[in-house]
Amino acid sequence: MEQFIGKQRMILAAGGLVTLSLVLAHYFSPVSRRLAAGEDVKLVLLNRERPMLFVYHPFSRTVNAIRMPGKAARGGSAYQRAGEVLKLFPEDGSAPRNGGLADTGSPENPAYIEAETSELDSFEDLIGNWRARPERLLRLGRYLCELKRSEASNLSAYEMTLLALELIRLKASDLIKEDFEKTPAREAFAAESGPGPLPGGAAQAPAAARLEILNASGKKDLAGSVTRYLRKRGFDVINFGTYGSVERQTKIVNCSDSIEAARLVRDALGLGGLEIYSKADRRGIVQVRVILGSDFEETGGLK
């Protein structure tokens, strides 16, 4: 009987130690704190070609995969090179100031992975196909173990597990592939790096703008199609669905104090002549609401 009680105590003690370890890992992990707060998580992928920046948006469950310029990660340790990449993307989405990241003046702690190639195709294949082929999760597990064994990342095993659990919830359509040359941060980088042409044409999405797309046209899956279209162009669509009634005219409603994001959405949809309504909603999180009427294809459409 005493031996049985002793074994129980040992099991309880081991369980307590494991629980305490997980609690401490969660408490001291920058990644877990950002995920818990619904804040963006940035991961720099360093490779022999061009570095990539992955920005995961927990609220909308989307990932921006941005191919960065090669000279953004020149020389130094992996930690230093990852920090140089992050300097191009301030925490608030505005242009970098004083060569640094945030208004506080303290550099962000860069999370990075060193890899031979960009791994983008493998990542896209994983999130798009693992449900049909679950064995790919085993491949992911082996890859993460190899990263830790070779010390090719400064993420802890706990943080890798957290990110893996978040990312396998995504679909292929949640991955937004971009090139740095076509993002708003390019202008600030060009000012520091020297003269060079800036891309023109398509409207660029402000990093912090949050959109809602509602289908009031009566046409099947129109909100989903527009959502995919806008996400591919860098807009953060956090919700889409069906409007309460069928409407003839398309409306764009600005729900924030600034109308700039609504104008960019209007331009991206080819609705340049459409009036923008303003209805401030400080308690909500949506900044621009698009109500797709039955006239949508005639006035704008997906180009």
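Just so it is clear, none of the values below were taken in a lab; they were calculated from the coordinates. Everything numeric here is computed off the predicted structure, so don't read it as measured data. Every residue, glycine as well, gets a Cβ built from its backbone with ideal geometry; the counts of neighbours run over all protein chains shown.
Some notes on this structure:
- Between Arg263 and Ala36, the modelled label-to-label distance comes to 4.1 nm, taking each label 7 Å out from Cα in the direction of the beta carbon.
- Exposure proxy shown here: for Met160, Met68, the number of other Cβ atoms within 10 Å sets the order, fewest to most, as Met160, Met68.
- Listed from fewest to most Cβ neighbours within 10 Å, the set Thr161, Thr19, Thr62, Thr227 follows the order Thr19, Thr161, Thr62, Thr227.
- In this structure, the pairs whose alpha-carbon distance is over 20 Å, taken from Lys42/Lys232; Lys71/Lys232; Lys71/Lys171, are Lys71/Lys232; Lys71/Lys171.
- Förster radius 30 Å - calculated FRET efficiency between Ala157 and Ile276, Cβ distance, rounded to 0.05: 0.05
- With θ taken as phi - 60° and the Karplus curve 6.51 cos²θ - 1.76 cosθ + 1.60 applied, the whole-hertz 3J(HN,Hα) list for the stretch 131-143 is 5, 7, 10, x, 4, 5, 5, 5, 4, 4, x, 5, 5 Hz, x standing for glycine and proline.
- Sorting Ser173, Ser258 by the number of Cβ atoms found within 10 Å of their own Cβ, with the fewest placed first, yields Ser258, Ser173.
- Cβ-based net charge around Leu175, under 12 Å, with every Lys or Arg adding one and every Asp or Glu removing one: +1
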